[in-house]
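The block underneath contains the structure these notes are about, expressed in structure tokens.
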Amino acid sequence: MEEHRLTKTKEQWARARRGGEEREVFYEGDERLPPGQHLVENFPVLDLGFKPEIPFSEWRLSIGGFVTTPVTWTWEHFMAQPQVRDRSDFHCVTSWSRYDNDWDGVSFKHLMAMVKPLSLARFVLFKSYDDYTTNLPLEACDDADVLLAHSWNGKPLSRDHGGPVRVIVPKRYAWKGAKWVKEITFSDKDEKGFWEVRGYSNTAFPWENDRYG
Ligand SMILES: Nc1nc2c(c(=O)[nH]1)N[C@H]1C(S)=C(S)[C@@H](COP(=O)(O)O)O[C@H]1N2
Ligand SMILES: [Mo]
């Protein structure tokens, strides 16, 4: 896939700011808005300039690597898993935040109960239908608010926002949540994802203004 122009721009931006004073926290006393963020009411769309279209009949989600029981879910299998709803705030590293998003889907905790990660598994790599990748430590994923979401605010997730299924990790910046997720791989090694190798933080904590690596 050809690399989108915006990717290059963002990469240079990340490099320029790495370790710079933007890391400073200008805290304005709002207990809900992380430092350096502003609130939006709309829901911007960010991607690599390519929005894959995956019919439900062809959609698969494969979960494997360092697990006892790898699985590949079809749409019917996925929707037959226990469903949860979680309301969370969404923080994009490009500085916008959106409050009170209702996500419906399957919890990462349920997924873990199904595949049973081996004790050696300490990291998780997410791969998407647009070849995007992002990585997280297992403990970041093993949290009740981490979902494989198929609906947003009561409606099926649009293709723009990562439908049929995207990952939501509310306690990290939003690039840690893979849209159009295709594969989830548990590993003993931390393999960096698309933005992580391009200068974004490996940890991505909004409350620590932890944007660049
Ligand atoms: N597959 C995929 N997932 C992705 C991205 C992407 O380009 N491809 N962009 C990430 C980034 S940088 C952000 S901020 C959020 C944006 O989600 P939204 O478009 O629903 O606002 O998705 C993340 N997940
Ligand atoms: Mo982003």
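The values are calculated or read from the model by the stated rules, or taken from the named source; none is laboratory data. Note that this is a predicted model, so its numbers are computed, not measured. Every residue, glycine among them, receives a Cβ derived from its backbone with ideal geometry; neighbour counts consider all protein chains shown. To get the accessible areas, we keep the full protein, side chains included, count just its heavy atoms, and leave off ligands, DNA and RNA. Shrake-Rupley method; radii C 1.70, N 1.55, O 1.52, S 1.80 Å.
If you place +1 on the Cβ of every Lys and Arg, -1 on the Cβ of every Asp and Glu, and leave all else neutral, what size is the dipole of segment 168-213 about its Cα centre, to the nearest 20 Debye?
Approximately 220 debye in magnitude.
Multiply the residue gap between T203 and H38 by 0.36 nm, knock off their C-alpha separation, and tell me the result in nm, one decimal place.
57.3 nm
Kindly express, to the nearest 10 degrees and within the range 0 to 90, the angle between helix 5-17's C-alpha long axis and the longest C-alpha principal axis of the chain.
With both axes taken from Cα atoms, the answer is about 60 degrees.
Among W180, W152, W103, which one moves the most in a GNM of the chain with springs linking Cα atoms closer than 10 Å?
Among W180, W152, W103, the largest GNM mean-square fluctuation belongs to W152.
Could you check how many percent of all C-alpha pairs in the chain are farther apart than 29 Å?
For the chain, the fraction of Cα-Cα distances above 29 Å is 22 percent.
Can you work out ³J(HN,Hα) from phi for every residue in segment 148-165, in order, using Karplus 6.51 cos²θ - 1.76 cosθ + 1.60 and θ = phi - 60°, giving whole Hz and x for Gly and Pro?
For segment 148-165, the Karplus-derived couplings read 9, 9, 10, 9, 10, 6, x, 10, x, 4, 6, 4, 3, 9, x, x, x, 9 Hz, x marking Gly and Pro.
Taking the simple approach of a point 7 Å from Cα along Cα-to-Cβ for both D188 and D131, what is their distance in nm?
In this crude spin-label approximation the distance works out to 3.1 nm.
If you average the sequence gap of Cα pairs under 8 Å that are 6 or more apart and divide by the length of the chain, what percent do you get for the contact order?
Result for the chain is 25 percent.
Accessible area per residue, 1.4 Å probe, Å², for the chain: what's the number?
The answer is 50 Å² per residue.
Taking a probe of 1.4 angstrom, what is the accessible area of F194 in Å², to the nearest 10?
30
Full extension from D160 to D143: what is 0.36 nm times the residue separation minus their Cα-Cα distance, to one decimal in nm?
3.6 nm is the gain from fully extending D160 to D143.
Placing unit charges on C-beta atoms (Lys and Arg positive, Asp and Glu negative, everything else neutral), compute the dipole magnitude of segment 55-189 about its Cα centre in debye, rounded to 20.
Dipole about the Cα centre, nearest 20: 140 debye.
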